[in-house]
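Here is the structure we will look at.
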């Protein structure tokens, strides 16, 4: 097994690993160390069943069930731990997965709950060539590089994370559109988050409908816009041009990601697992 850096500030390839077979403790430890160092890992040319994906994911923590989707259904009842990310519809016109074919804006997964997932693991079964790339941004580096005025401005500040919409902007079942960001439903988290390894990340969740508690809405928007402009600079990110058989895993509390839109006439089918947060993020 070889570990090769593929981004300047984030991401590494793990080569010569067959994830369809059980891994020994030495391999798991090596992957874990590389993951902590690089935040995002990519494994190419994998051939995984859903059971393989669950077994591999479980090496790194307890699996967390998918969050709610706009359709209010479980996409794979036989594997409820797996979320399907797809634009494909079945013969009756019902979507087989979530998020469609549009752009998914910068976000971290499920930050609208008190204990967001530690990590996401995404496996590509079908992908359109040269479309639907996914970008990952290092929020530890972004925090470390914060100008002093921005770092001072976020000290002790708490952000509301929108629970009503997904990263494609779709309203989740059971929610109403937000008309006042001060009343946005969702968890409250500090803008700077420190994990169990002592790493501090800029913890932004999603930009739409976000609000910093205790501030005038215009002041909150101005500060958030400045933080987002800083955090999404290209120097902090790397993007994956998906190939069938790619598996990408990322540390959700340390990384944001986004997805390009793609041609709706093409097929994109991804299966995703996520790891349960080790502890709530206290505001």
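Within the range 98-105, is there a residue that is part of a loop (DSSP other than H, G, I, E, B), crowded, with 19+ Cβ neighbours inside 10 Å and modelled with pLDDT of 95 or more?
No, every residue in the range 98-105 fails to be part of a loop (DSSP other than H, G, I, E, B), crowded, with 19+ Cβ neighbours inside 10 Å and modelled with pLDDT of 95 or more.
Go through the range 36-62 and report how many residues are crowded, with 19+ Cβ neighbours inside 10 Å, touching a residue at least 40 places away in the same chain (Cβ under 8 Å) and outside any loop (DSSP other than H, G, I, E, B).
Final tally of qualifying residues: 7.
If I ask for residues that are surrounded by fewer than 17 Cβ atoms within 10 Å (Cβ to Cβ), assigned to a helix (DSSP H, G or I) and without any contact (Cβ under 8 Å) to a residue 40 or more places away in the chain, which ones from the range 208-259 would you list?
Result: 217, 218, 219, 221, 222, 225, 229, 234.
Could you tell me whether residue 92 is surrounded by fewer than 22 Cβ atoms within 10 Å (Cβ to Cβ) and either closer than 30 Å to residue 32 by Cβ or in contact with a strand residue (DSSP E or B) (Cβ under 9 Å, 6 or more places away or on another chain) (or both)?
It is false that residue 92 is surrounded by fewer than 22 Cβ atoms within 10 Å (Cβ to Cβ) and either closer than 30 Å to residue 32 by Cβ or in contact with a strand residue (DSSP E or B) (Cβ under 9 Å, 6 or more places away or on another chain) (or both).
Do we find a residue being more than 28 Å from residue 89 (Cα to Cα) and surrounded by fewer than 24 Cβ atoms within 10 Å (Cβ to Cβ) anywhere in the range 264-277?
Yes, some residue in the range 264-277 is more than 28 Å from residue 89 (Cα to Cα) and surrounded by fewer than 24 Cβ atoms within 10 Å (Cβ to Cβ).
Residues being crowded, with 16+ Cβ neighbours inside 10 Å and touching a strand residue (DSSP E or B) at 6+ places or on another chain (Cβ under 9 Å): count how many of those fall in the range 142-157.
Going through the range 142-157 one residue at a time, the tally reaches 5.
Filter the range 128-172 down to the residues that are over 23 Å from residue 261 (Cα atoms) and part of a loop (DSSP other than H, G, I, E, B) and list them by number.
145, 146, 147, 155, 156, 157, 161
Can you tell which of 198, 186 is touching a strand residue (DSSP E or B) at 6+ places or on another chain (Cβ under 7 Å), at positive phi and part of a loop (DSSP other than H, G, I, E, B)?
Of the residues listed, the single one that is touching a strand residue (DSSP E or B) at 6+ places or on another chain (Cβ under 7 Å), at positive phi and part of a loop (DSSP other than H, G, I, E, B) is 186.
Here are some conditions: (1) modelled with pLDDT of 95 or more; (2) more than 30 Å from residue 128 (Cα to Cα); (3) over 16 Å from the mean Cα position of the chain (by Cα). Residue 233 meets all but one. Which one does it not meet?
With respect to (1) modelled with pLDDT of 95 or more; (2) more than 30 Å from residue 128 (Cα to Cα); (3) over 16 Å from the mean Cα position of the chain (by Cα), residue 233 is out only on (2).
Could you pull out the residue among 68, 77 that is more than 27 Å from residue 239 (Cβ to Cβ), touching a residue at least 12 places away in the same chain (Cβ under 8 Å) and out of contact with any strand residue (DSSP E or B) (no Cβ under 8 Å at 6 or more places or on another chain)?
So the residue among 68, 77 that is more than 27 Å from residue 239 (Cβ to Cβ), touching a residue at least 12 places away in the same chain (Cβ under 8 Å) and out of contact with any strand residue (DSSP E or B) (no Cβ under 8 Å at 6 or more places or on another chain) is 68.
Restricting attention to the range 106-117, which residues are in contact with a strand residue (DSSP E or B) (Cβ under 8 Å, 6 or more places away or on another chain), in a loop (DSSP other than H, G, I, E, B) and either modelled with pLDDT under 85 or over 15 Å from residue 273 (Cα atoms) (or both)?
The answer is 111, and nothing else.
Can you find a residue in the range 65-77 that is part of a helix (DSSP H, G or I) and under 15 Å from residue 120 (Cβ atoms)?
no
The values are calculated or read from the model by the stated rules, or taken from the named source; none is laboratory data. Keep in mind it's a predicted model, so treat the numbers as computed, not measured. Note that each Cβ is placed from the backbone with ideal geometry, even for glycine, and that neighbours are counted across all protein chains shown.
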